[in-house]
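Trainee: Please see the structure below; I have some questions.
The values are calculated or read from the model by the stated rules, or taken from the named source; none is laboratory data. Please read these numbers as outputs of a predicted model, since none were measured by experiment. Every residue, glycine among them, receives a Cβ derived from its backbone with ideal geometry; neighbour counts consider all protein chains shown. All accessible areas refer to the heavy atoms of the entire protein, side chains included, with ligands and DNA or RNA removed. Shrake-Rupley method; radii C 1.70, N 1.55, O 1.52, S 1.80 Å.
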Amino acid sequence: MSRKAKQSKQKKKGTTSSSQANKMFDLIGQHIFQGDYTEAIAGCERLLNELPRHAPLRADVLAQLATAHAMLQNFPQSYEALTEALALQPNNAELWYNRSLASRYTSRFGQALRDSEQAIRLSPIAELAKDFDEVLKIKMKRSITFITE
């Protein structure tokens, strides 16, 4: 690749302005709302290629990517996106809860339990923590049944 081509490629990456990124993110949300998960995934991947590794919006894009994959029952991809989002926002209870669901669907039962417990610890809303706790009890009961069968 020529030096000019490399420079052009470097300029393209990361040139998305904050307002453009927010518009792209809103469009992704619209695709998810409309049930167009394949297009949402494509939009997320495009935006992730443009955003810097530690951009504040990156974790939100990864969460949307995980949602779109989960809706298409691509649970391993959903799990990976949530894991990357958690590396950026380790105190986000919603991300931990969602990864617990993805963990369950990828047969990571121990991870699902730990993620649910972390979601409960981090939940800023008492009602949400109560919901997480109820789901955790159900998961624990199912895990015990699964192990004993």
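Trainee: Restricting the search to segment 64-80, which residues are farther than 12 Å from A40 by Cβ and among the hydrophobic types (A, V, I, L, M, F, W, C)?
Mentor: Across segment 64-80, the qualifying residue is only F75.
Trainee: Any idea which of A40, A119 is modelled with pLDDT under 95, small (G, A, S), over 12 Å from the mean Cα position of the chain (by Cα) and in a helix (DSSP H, G or I)?
Mentor: Testing whether each residue is modelled with pLDDT under 95, small (G, A, S), over 12 Å from the mean Cα position of the chain (by Cα) and in a helix (DSSP H, G or I) leaves just A119.
Conditions tested, residue by residue: (1) in a helix (DSSP H, G or I); (2) modelled with pLDDT under 95; (3) surrounded by fewer than 19 Cβ atoms within 10 Å (Cβ to Cβ).
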{"site": "G14", "(1), (2), (3)": "no, yes, yes"}
{"site": "L65", "(1), (2), (3)": "yes, no, no"}
{"site": "S78", "(1), (2), (3)": "yes, no, no"}
{"site": "A87", "(1), (2), (3)": "yes, no, yes"}
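Trainee: Which pairs have Cβ atoms under 8 Å, sit 6 or more apart or on different chains, and link a residue in segment 72-90 that is of a type in the set (A, V, I, L, M, F, W, C) to one that is at pLDDT 95 or above and open to solvent by 70 Å² or more (accessible area, probe 1.4 Å)?
Mentor: What qualifies is L72/T38.
Trainee: Report whether or not R46 is open to solvent by 50 Å² or more (accessible area, probe 1.4 Å) and modelled with pLDDT of 95 or more.
Mentor: yes
Trainee: For T106, indicate whether it is within 20 Å of R53 (Cβ to Cβ) and in contact with a helix residue (DSSP H, G or I) (Cβ under 8 Å, 6 or more places away or on another chain).
Mentor: no
Trainee: Let me ask something else. For residues that are crowded, with 16+ Cβ neighbours inside 10 Å and in contact with a Gly (Cβ under 9 Å, 6 or more places away or on another chain), tally how many sit in segment 16-43.
Mentor: Total satisfying the criteria: 5.
Trainee: Sticking with this one: Restricting to segment 89-98, and then to whatever is more than 12 Å from L62 (Cα to Cα) and not polar (S, T, N, Q), can you tell me which residue is least open to solvent (accessible area, probe 1.4 Å)?
Mentor: A93
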